[in-house]
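Rule-based calculations on the coordinates, nothing more; no lab input. What you see is a predicted model; the values in this text were computed from it and never measured. Glycine gets a Cβ as well: all are built from the backbone with ideal geometry, and neighbour counts include every protein chain shown.
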Amino acid sequence: MRKSVLAAAVALSALVSPAASAFDPDTPVGEKEEAFPVTLGSDEDTTIALGFRAAFGLARGAEPQVARTIDGQDYVFRPVAIHLLPNNVGVLLSIGSLEDAGHSESGLNAIHYLKSSPAGWVKQGEWIGLGATGTVGNGATSWAFSTLLGRNPYLITAGGGVWQGCAIGSAAVTELTPDGPVDRGGFTEGMSSGAGLGQTEQDYEGKIAAAVPDKSFTVAYTGTRAFEQQYVLKGGKYELVGKDQVPGC
């Protein structure tokens, strides 16, 4: 009797093992209340090494960093964020930095879909080159996942650079469909000038402040002047209504 009870307990523990849950034990993903405006962050998640190793085929215990040659350029990828989709699928964002890059050269972003299994993460798909990137070999410099824009979650990435004392940033919105990520366009994230010779000092920062799911979203700008711009989904991409009010460099 005691043996049968023990066997049943062992079997039950195997069924509820953390490794068989939606995320591996060292990949915690906390639920958070989402609200407008959508705020991007740049803090890299240091708990997602297992997912990164599965995504790039690294050995267990390997450093969560990998070099890839793409179109003749050498990039070094590292994991920065992960998000849970339904059916125990995790979306991993990694950024690839271009070594010895010139000012005008950008990095690359990598998106992987990973399926949770009792043995750990299993790669479902890989997409390289989606999202916003920065200059001097940088991939995305800030990012956020949001469920506020549509029936599917979205990944929002931003990047940019400085040109002769004028900084400008662009953001990209990527829909995370069940079949993979889809580019849905982007918007001007911000602009700052005044450090260059003869430049007018001005500063703008934009955040997504409202949305009609799968139809439109509104970016609210603060800084030198406060205003809003609307982006409407047309032909699979979000397009600006009217003229961009953010000055260029």
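What to note about this one:
- Taking amide H as placed 1.01 Å from N in the peptide plane, residue 149 has its amide H under 5 Å from the amide H of 154, each at least 5 places away in sequence or on another chain.
- The residues packed around residue 80, meaning those with a beta-carbon under 11 Å from its beta-carbon, carry a net charge of -2 if Lys and Arg are +1 and Asp and Glu are -1.
- Estimated distance in nm for a label pair at residue 249 and residue 43, the labels positioned 7 Å out from Cα along Cα-to-Cβ: 2.9
- Two-site FRET efficiency, residue 202 against residue 148, from Cβ-Cβ distance with R₀ of 30 Å, rounded to 0.05: 0.55
- Springs join every pair of Cα atoms under 10 Å in this Gaussian network model of the chain, and among 209, 62, 144 the largest mean-square fluctuation is at 62.
- Calculated FRET efficiency for the pair residue 127/residue 73, C-beta based, R₀ 25 Å, to 0.05: 0.90
- Total lysine pairs whose alpha carbons fall under 23 Å of each other in the stretch 36-240 (8 or more apart, or interchain): 6
- Using alpha-carbon coordinates, inclination of helix 2-15 to the longest axis of the chain, degrees: 20
- Taking every C-alpha pair closer than 8 Å and separated by at least 6 residues, the mean separation divided by the residue count of the chain gives a relative contact order of 13 percent.
- Most mobile listed residue (189, 99, 201) in the chain, GNM with C-alpha springs under 10 Å: 201
- Over every Cα atom in the stretch 129-185, the radius of gyration and the widest Cα-Cα span, Dmax, amount to 12.7, 42 Å.
- Within-12-Å neighbourhood charge of residue 232 [Cβ basis; K, R +1; D, E -1]: +2
- Packing-based order for 211-221, 131-141, 72-82, using average beta carbon neighbours within 10 Å, highest first: 131-141, 72-82, 211-221
- In the chain, helices alone account for a calculated mean residue ellipticity at 222 nm of -2500 deg cm²/dmol, with every DSSP H run of four or more residues adding -39,500 (n - 2.57).
- Other residues with beta-carbon under 14 Å from the beta-carbon of residue 109 carry, at +1 per Lys or Arg and -1 per Asp or Glu, a net charge of -1.
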